Amino acid sequence: MQIYPAIDVRNGRCVRLLQGNKEEETIYGDDPAAMALRWQSQGATYLHVVDLDGAFTGHPQNELGITGILKKVDIPVQLGGGIRTIGDITRWLSLGIARVIIGTAAIQDPGLVRQAIDRWGPEHIVVGIDARDGVVAVEGWESGSSRAAEEVAMSMKDAGVSTIVFTDIDRDGMMTGPNVDSTCALARTSGLQVIASGGVSSMDDLTSIAAVTSEGIEGAIIGKALYEGVINLSEAVAKFQTDSIRR
């Protein structure tokens, strides 16, 4: 199981939001690159980075902070937030991002995903499916859609996607445990590799996710639990990570 420390960047700083609410922000640092180096030094072999300003505005916003991360670490980085055009994808991949995560655009313009897969391959294109009560949310989680998470996953599979990040929004940042049942159901229904996101708050939660990797769960994203010191990254990597993904 791949462990992904999360770095959410807003206004150039490392933050965490509760359930994606802009008004519920906690700042954990002013230097995303230093945070990335911290996680790498503790054993991280892949980072999950989100441009929160990009997610809210629909356009990449934190290039300086994110390129700073890429210059500091020598492990791969996957990036989401405001990536909605072929130009956005081209730019980030050319800067050194290993995988881009397409969220809102996958719902609003499915043809973009197919075009991106055809051009760069599924190893560089991941789709983010963020849902409340099984219904997908878009535009930085500020808007809803009428589509079920499983329906979107199946359409992404048809487009050539092999990996998705599934976030249960109601769990995100809440330290209440991941929605393992819904994550497994999505993996089983779609046949895709799923990265679990939202709510990881303890080593027991990671144990629960690790127990279902055979269902198609590729990894887990850890955010607030790392920043609050509830999970020790070195211990989590040593115990749960069985295979490192390198560039």
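The values are calculated or read from the model by the stated rules, or taken from the named source; none is laboratory data. These numbers were taken from a predicted model, which means no experiment stands behind them. As a convention, Cβ positions derive from the backbone with ideal geometry for all residues, glycine included, and neighbour counts pool all protein chains shown.
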Legend entry - Residues satisfying the stated conditions in region 109-147, i.e. outside any strand (DSSP E or B) and modelled with pLDDT under 85: Asp133, Gly134, Glu139, Gly140, Trp141, Glu142
Inset, instruction - Answer yes or no as to whether Asp88 is touching a Pro at 6+ places or on another chain (Cβ under 8 Å) and in a helix (DSSP H, G or I). - result: yes
Inset, instruction - Identify all residues within region 220-230 that are within 19 Å of Val165 (Cβ to Cβ) and free of Cβ contacts under 8 Å to residues at least 60 places away in the same chain; write none if there are none. - result: Ala225
Inset, instruction - For region 64-123, name all the residues that are buried (at least 18 other Cβ atoms within 10 Å of the Cβ) and among the aromatic types (Phe, Trp, Tyr). - result: Trp92
Legend entry - Only listed residue being more than 17 Å from the chain's Cα centre (by Cα) and either modelled with pLDDT under 95 or among the hydrophobic types (A, V, I, L, M, F, W, C) (or both), chosen from Ile7, Ile27, Ile69, Ile75: Ile27
Legend entry - Of the criteria (1) within 14 Å of Ile102 (Cβ to Cβ); (2) outside any helix (DSSP H, G or I); (3) touching a residue at least 60 places away in the same chain (Cβ under 8 Å), which one Ala55 fails: (2)
Legend entry - Residue under evaluation Ala44, criteria (1) closer than 21 Å to Tyr4 by Cα; (2) assigned to a helix (DSSP H, G or I), criterion not met: (2)
Inset, instruction - Say whether the condition of being at pLDDT 95 or above, of a type in the set (A, V, I, L, M, F, W, C) and part of a loop (DSSP other than H, G, I, E, B) is met by at least one residue in region 148-161. - result: yes
Inset, instruction - Give region 218-232 a look and list any residue that's of a type outside the set (A, V, I, L, M, F, W, C), in contact with a Phe, Trp or Tyr (Cβ under 9 Å, 6 or more places away or on another chain) and part of a strand (DSSP E or B), or say none. - result: Gly219
Legend entry - Qualifying residue in region 168-178 (condition: closer than 26 Å to Leu52 by Cβ, hydroxyl-bearing (Ser, Thr, Tyr) and either at pLDDT 95 or above or in a helix (DSSP H, G or I) (or both)): no
Legend entry - region 148-163 - residue that is out of contact with any Leu (no Cβ under 8 Å at 6 or more places or on another chain) and in contact (Cβ under 8 Å) with a residue 24 or more places away in the chain and, of those, surrounded by the fewest Cβ atoms within 10 Å (Cβ to Cβ): Gly160
